[in-house]
1. Can you give me the long-range amide H partners of residue 50? Hydrogens built in the peptide plane at 1.01 Å from N, cutoff under 5 Å, separation of 5 or more residues or another chain.
2. Any idea how far apart residue 28 and residue 277 come out in nm if each label point goes 7 Å out from Cα toward Cβ?
3. Let me have the relative contact order for the chain, percent, based on Cα pairs under 8 Å that are six or more residues apart.
4. Just the Cα atoms of the range 1-51: what Rg and Dmax do they give in Å?
5. Order of 63-72, 366-375 by packing, highest average Cβ count within 10 Å first?
6. Would any residue of the range 300-321 have its amide N under 18 Å from a label point 7 Å out along Cα→Cβ of residue 93? List them or say none.
7. Over all directions, how big on average is the projection of the convex hull of the alpha-carbon atoms in the range 326-374, in square nanometres?
8. Suppose only helical runs count, i.e. DSSP H with n ≥ 4. What mean residue ellipticity at 222 nm does that imply for the chain under -39500 (n - 2.57) per run, divided by all residues and rounded to the nearest 500 deg cm²/dmol?
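Each value in this text was obtained by applying a stated rule to the coordinates, not by laboratory testing. These figures come from a predicted structure and were not determined experimentally. Cβ: placed from backbone, ideal geometry, glycine included. Neighbour counts: every protein chain shown.
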Amino acid sequence: MYDLLLFNIGQLLLPASTSRPLKGEEMKHLQVIEKAAMAVKDGKVAWIGQSEEGEKLEAISYLDVQGKVVSPGLVDPHTHFVFGGSRENELALKQAGVPYLDILASGGGILSTVQSTRNSTEEELFLKSSFHLERIISYGVTTVEGKSGYGLDRETELKQLKVMKKLQEKYPIRIVSTFLGPHAVPPEFKGKSDLFLEEMISMLEEIKEHSLADYVDIFCETGVFTVEQSKAFLEAGKKLGFGMKIHADEIDSLGGTELAVKVRATSADHLVAASEEGIKQLGKSDTVAVLLPGTTFYLGKEQYAKARKMIDTGVAVALATDFNPGSCVTENLQMIMSLAALKLNMSAEEIWNAVTVNAAFAIGKEDVAGTLTTGAQADFVVWEIPNYQYLPYHFGVNHVHSVYIAGEKVRRKKYEL
């Protein structure tokens, strides 16, 4: 006797990998079962087959999907959803052509968010982040990574991480927490980035002791942290058992991509300016390239990450929103899927693999997320679309019919998913 039986599934998407993420040509293949059925027991996928077979099985509850598409829950492997305040006032400045550095000099930009986050209580951050997290779930995401990085001091960075831990206790969505203390150099450490990095490294033992983060991350970029500084920080985290991620080569080709491969980081993110050599090295590694086309779109940049070059070179590519209050203000991973088709020239099959199995590998959750193989946790989405190609094609709306985590339908405060 099964707990739940889904039948009359128009298309059941079954992205899967083995011991590593899908790379290159492998990303072009997506297993799809037409007229499918799926059974759930004890929160896990217990059986998959044809609908006519499934209708003969016994279950406590039955769900006629009526020809809709069913996929694994989406995985968003790069967000900054815990922060204070907002920066809508800066949009008019950007439209007027005011340079970001001028906005920063007047107390805006990331410094504005840092100040708002420092001024917010833990309860205020919890309530605000709950709103964003519920919206993330509403778009079909069942596993999400969240970063700190808007404190830039011990007290506030810990506050952000504690909020994520409390959110994990309240919500069924799986949250992977990342310590991004070295997200920028705060004004009080201007010209003293080495000293600030020491301060961030000194926090690692406390973060580990209280299980506040799974990964460490650093912004390796011109005017922020060098390749050498990034290496020192990541290796300090690695010694304590943290996974490693890196904001690399977003604006300038500094060698952050190559560093990610060298230290065997789980992922290298952004990569808009990744060098030919960096892409080549990525293709020979299992480090996942997490691409963030929403950020390029929002900032009005012309150059997007070279997704086609990466995939053709054998790189494992994942997609993420990079949801944050300054450079990509959206929780909608479906919109990112459309941008991947329109701006990165990725196929529908590559896109689905990039937001499921490869995104799970990008945050070390490949054993519990991004797939619907028998025995996996039953995190899945029922989509109001006729086929899987339709979602990237029809952009800017929410195609979710319902979201299930561990076989249970997710409900929100204001409306039912």
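1. Result for residue 50 returns 37.
2. Label at residue 28, label at residue 277, 3.0 nm between them.
3. Computed value for the chain: 21 percent relative contact order.
4. Computed over the Cα atoms of the range 1-51, radius of gyration and Dmax are 13.2, 41 Å.
5. 63-72, 366-375
6. 300
7. Numbers: hull surface 17.1 nm².
Across all orientations, the range 326-374 yields a mean hull projection of 4.3 nm².
8. -9500 deg cm²/dmol
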